[in-house]
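Here's the structure, in structure tokens; my notes come after.
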Amino acid sequence: MFGEPRKENQMPLRTVLSIGQCRPDNAAITHFLTSNFDVKVLETDLADDSLAALQSSSVDLILINRKLDADYSDGMEIMKLIKSDPQTEQIPVMLVSNFPESQEQAVEAGATYGFGKAELSSPETVGRVRNALGLA
């Protein structure tokens, strides 16, 4: 129940960094994540604030929008920065995109196969995120 203290045998809270989502999508993704997992969601908009969040917080999963809402730049560029840094390269990254070809490109660049906003309620998406969070 909401507000109850965490029990000793529960898995520790995970942190998800969500990069580049618009407000409605951030709300939907955050609801999806917190409804299915014991997670805290951090939100950033662009590369600078995302990299700063990664330096100041322990993050278990990164979700990057295909096109960043703030300036419509390519989310893959942030993923490449994250995957090229020895401090962050091991953190699982998932692309948020409904386009299978974008998902394939992200996987080729080191991401875990992600999901589109239209797939938030699917059991496959829950399973992918569970695996990426190391809960499987």
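Would it be correct to say that Gly134 is assigned to a loop (DSSP other than H, G, I, E, B) and not hydrophobic (A, V, I, L, M, F, W, C)?
yes
Tell me the residue from Ile29, Ile82 that is modelled with pLDDT of 95 or more and more than 17 Å from Gly127 (Cβ to Cβ), please.
Matching residue, one of Ile29, Ile82: Ile82.
Search the stretch 100-131 for residues being among the aliphatic types (A, V, I, L, M), assigned to a helix (DSSP H, G or I) and surrounded by fewer than 17 Cβ atoms within 10 Å (Cβ to Cβ), and hand back the single one that is modelled with the highest pLDDT.
Looking at residues that are among the aliphatic types (A, V, I, L, M), assigned to a helix (DSSP H, G or I) and surrounded by fewer than 17 Cβ atoms within 10 Å (Cβ to Cβ), I get Val107.
So which residues in the stretch 86-136 are under 25 Å from Pro24 (Cβ atoms) and of a type in the set (Gly, Ala, Ser)?
Answer for the stretch 86-136, where residues must be under 25 Å from Pro24 (Cβ atoms) and of a type in the set (Gly, Ala, Ser): Ser97, Ser102, Ala106, Ala111, Gly114, Gly116, Ala118, Ser121, Ser122, Gly127, Ala132.
The values are calculated or read from the model by the stated rules, or taken from the named source; none is laboratory data. Since we're looking at a predicted model, the values are computed, not measured. Cβ sites come from the backbone with ideal geometry, for glycine too, and all protein chains shown count toward neighbours.
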